[in-house]
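Visitor: Shown below is the structure under consideration.
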Amino acid sequence: MLLAAAFTLLVFAYSLVSRKLDGTPITAPILFTAAGALMLLFPDTSRALFIDRKALLLIAEVGLVMTLFTDASHISRKSLQDNHRLPVRLLSVGMLLTILLGAVAAMACFAGLSWWEAGILAAILAPTDAGLGQVIVNSPLLPARIRQALNVEAGLNDGLAVPFLMLFIALAAAVGEGAGARGVLARFLLEQIGYGTAIGLAVGLIGGLLMGLAQRRQWMSPELGQLGVVAMPLLCILAAEESGASMFIAAFVAGLAAQVGFPKVGRHSVEFTEGWGQLFNFFVFFLFGLLCARNWHDFTPLILVYALFSLTVVRMLPVALAVAGIGLSRATVFFIGWFGPRGLASIVLGLVYLEQRANLPGEDTIRLAVTATVLLSVVAHGLSAKPGIGRYARSCEALPPEAPEHAAGDGPVEK
């Protein structure tokens, strides 16, 4: 009860001064994380968090499902092909290299991890967070194409990270039990990806076609249309639970498929998540702050080294390789590389991993590394956003008019 009361009061107070804080380095994730950490001063909060762990995991699962559906539902083919397919480069070569380099770094830092456990850690930390980078995405001082690329990348890479995470968890558990990796891989491809894709296609195509028909015939009120959109990812959860499929893959595919029959599904899903989604984000960061405070004394030098490495080399080098050859300036490559913050997606994926109860030997290391990396990202990217915008904007002004950064674009995809 104390946690709920404190969070509710903080949301109310933040709503009163949110515009004032916009001009300061204090972002909402920093504020709610710090407030959550301060809750450790009250002894009952830690016990309440332990008791409600199942409820928290349920919230995390539903939140990630809604996020994946929403992200997929408003990404168009044009946004992926724009500006020398920059988003596609970041989501393909950049994403794969980030997971690979993250796993190699984990093996170098933590001697006790297996390769599959290192892959789990790398997959959890691979997605970037559009919420933490919202100041960047919405800044009119920056080139629209760069903002759009970062937004599209953050909107899709959490969904792309899920299959890797679930595969690494399955393989790590199979190796621990002495089972064959080939059989685990076949079962994973059939159940998690195969059934998940089939469920997502069925829910998205049928739901989108019905909602599109209802809108054309004016059967559906605009306000209640949002509830129809929200029902689709919830149906994915129910169907996935019954079939053993991945609800996350199902929701992501459903968001893409729903656009076939209902092209405006993205606008409806964004309208819903802008309110309730923000509240969920704040709540996750609030609880994350409390978890950070509880684990503060367990952060070893190697954990902090990996966190720093994950936010710099593991992110920046793959970005540089992914965008090579399209003419972007060094300042642009550095800017895209640095502003790949880790936040909500990594927190939720970490909770999803813990829910699998794989009982891997390196579980504590994975948990602490994820916590330290996200905490460092919340602070570092939050404090550097405004100075980074100003410095990069000045460097863009010095670029020639024909530079790729100045190419006409449609602006960022609104989320």
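Laboratory data are not the source of any read-out in this text; all were calculated from the coordinates shown. What you see is a predicted model, and the numbers here were worked out from it, not measured in a lab. Glycine gets a Cβ as well: all are built from the backbone with ideal geometry, and neighbour counts include every protein chain shown.
Visitor: List Tyr14, Tyr195, Tyr392 from most exposed to least, where exposure is judged by having the fewest other Cβ atoms within 10 Å.
Guide: Numbers: Tyr14 15, Tyr195 19, Tyr392 25.
The fewest-first ordering by Cβ neighbours comes to Tyr14, Tyr195, Tyr392.
Visitor: With only alpha-carbon pairs counted, each pair once and no self-pairs, how large is the Kirkwood hydrodynamic radius of region 277-346 in angstroms?
Guide: 14.4 Å
Visitor: Shifting gears a bit: Looking at region 108-149, I'd like the Rg to Rh ratio, where Rg is from alpha-carbon atoms and Rh is Kirkwood's inverse mean 1/r.
Guide: On the Cα set of region 108-149, Rg over Rh gives 1.27.
Visitor: Rank the residues Ser139, Ser246 as a footprinting-exposure proxy: fewest other Cβ atoms within 10 Å of their Cβ go first.
Guide: Fewest to most other Cβ atoms nearby, the residues stand as Ser139, Ser246.
Visitor: Which order results if Val323, Val305 are arranged by neighbouring Cβ count within 10 Å, fewest first?
Guide: Fewest-to-most Cβ neighbours within 10 Å comes out as Val305, Val323.
Visitor: May I ask you to evaluate 6.51 cos²θ - 1.76 cosθ + 1.60, the Karplus curve with θ = phi - 60°, for each residue of region 159-174 and list the ³J(HN,Hα) values in order in whole Hz, giving x for glycine and proline?
Guide: Values, residue by residue: x, 6, 6, 4, x, 5, 4, 5, 5, 5, 4, 4, 5, 5, 5, 5 Hz.
Visitor: Could you list the square roots of 5 times each eigenvalue of the Cα gyration tensor of region 297-414, that is, the equivalent ellipsoid semi-axes, sorted largest first and rounded to whole Å?
Guide: One finds semi-axes of 34, 15, 14 Å for region 297-414.
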